[in-house]
Amino acid sequence: WYLSGNTESADFPTANPLQPAIGGGWDLYVAKVNPAVSSLVYSTYVGGTGDDWSWWTCIRPDPSGGVVVSGYTNSTDFPTASPRQAANAGAWDAFLFRLNAAGSTFVFSTYHGGTGNDFGYPVEFDSDGNIVFGGETNSADFPVANALQGTIGGGYDVFVSTFDPTGVSLVSSTFLGGELDEWPADLERDRHGVLHLIGSTNSTTFPTRFASQPALGGGWDAFVTRLDGAV
């Protein structure tokens with residue numbers, strides 16, 4: 001069992017921690033519990049001197065017993081390892097890291113964002129073992145690669161970014177949004193290995209294709225987007 005969340009407690013319970021003490025403000029925690037739920041395999045803080053956040057959809061175990069975690073931080077000293085982006089580019093940046101099975105070391109840890117605000121939320125593996133994570137951004141210079149939508153639509157757009165398993169290579173990264181705001185709730189892989197992104201939008205120009213409902217109904221609408229291959 002794996003847990004991730006947020007704490008400002010200096011006495012949060014740790015076990016075999018990668019980071020034994022709180023960095024400052026709010027840190028995230030990552031914990032692995034044995035199958036009997038009777039003891040901690042490990043429990044660690046992860047964070048810098050600012051605030052660091054991660055949610056329930058931001059953690060996925062990998063086949064080797066490790067774990068991938070996403071979130072967002074305003075720390076300029078968030079712990080990185082073999083980072084694709086070594087420094088915070090703006091007030092809030094998304095982050096992505098991978099821990100080994102023992103929780104004792106980072107496989108990688110990186111910022112991912114532009115000069116605006118970037119918030120990382122759901123994370124999942126695709127059928128090739130690449131790491132896909134989504135979030136929202138208002139950075140016009142958010143890092144893109146092989147993008148379906150290469151420029152921001154307006155307000156906060158969803159982003160979907162795919163990293164190779166080592167975190168070194170950005171396979172693809174795209175905006176997804178219309179003229180107002182979008183928010184991603186979850187990423188899930190179905191039994192056929194196809195990824196689906198679920199979220200909400202108040203944009204009348206949200207990109208649709210083969211849509212059962214092609215127009216915004218009013219206020220905020222839910223959306224479901226099927227992601228085929230690198231996006």
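The values are calculated or read from the model by the stated rules, or taken from the named source; none is laboratory data. Note that the coordinates shown come from a computational prediction; the quantities given were computed from them, not determined experimentally. Note that we place each Cβ from the backbone using ideal geometry, even for glycine, and neighbour counts take in every protein chain shown. Accessible surface is based on the protein model in full, side chains and every heavy atom, while ligands, DNA and RNA are left aside. Shrake-Rupley method; radii C 1.70, N 1.55, O 1.52, S 1.80 Å.
Size descriptors for region 1-111, from the alpha-carbon set: Rg then Dmax equal 12.9, 42 Å.
The residues of the chain have, on average, 43 Å² of accessible surface per residue, using a 1.4 Å probe with all protein chains present.
For region 1-160, with all protein chains in place and a probe radius of 1.4 Å, 55% of the accessible heavy-atom surface sits on carbon or sulfur. Here region 1-144 is assigned +1 on the Cβ of each Lys and Arg and -1 on the Cβ of each Asp and Glu. Its dipole about the Cα centre then comes out at about 380 debye. Ordering S127, G153, Y2 by the projection of their Cα atoms onto the charge dipole of the chain, which places +1 on the Cβ of Lys and Arg and -1 on the Cβ of Asp and Glu, puts S127 at the extreme positive end.
Where in region 108-139 does the amide nitrogen come within less than 18 Å of the point 7 Å from the Cα of H192, taken along Cα to Cβ? Flagged as within label range: 126-128. Using a probe of 1.4 Å, the accessible surface attributed to S39 totals some 60 Å² when neighbouring protein chains are kept in position.
For region 76-188, the C-alpha radius of gyration divided by 2.2 N^0.38 Å, with N the number of residues, is 1.01. The mean sequence separation of alpha-carbon pairs under 8 Å and at least six residues apart, normalised by the residue count of the chain, gives a relative contact order of 12 percent. Whole-Hz Karplus values for region 54-65 come out as 8, 10, 5, 8, 9, 9, 9, x, 9, x, 8, x Hz, taken residue by residue from phi with 6.51 cos²θ - 1.76 cosθ + 1.60 and θ = phi - 60°; glycine and proline positions read x. Charges were assigned to the Cβ only: +1 to each Lys and Arg, -1 to each Asp and Glu. The resulting dipole of region 75-231 about its Cα centre is roughly 280 debye.
Out of V171, A222, T205, whose Cα points farthest toward the positive end of the dipole of region 169-231 (charges: +1 Lys, Arg; -1 Asp, Glu; placed on Cβ)? Final value for the positive-end residue is V171. Centre-to-centre, using Cα atoms only, region 90-107 and region 171-231 are separated by 26 Å.
The solvent-accessible area of L148, taken with every protein chain present and a 1.4 Å probe, is close to 140 Å². Run the 1.4 Å probe and let me know the accessible area of I198, rounded to the nearest 10 Å². Here the residue's solvent-accessible area equals roughly 70 Å². For region 104-178, averaging the sequence separation of C-alpha pairs within contact (under 8 Å, six or more residues apart) and dividing by the residue count gives a relative contact order of 29 percent. Summary of packing: across the peptides 152-160, 203-211, 120-128, the per-residue average of other C-beta atoms within 10 Å ranks them, highest first, as 152-160, 120-128, 203-211.
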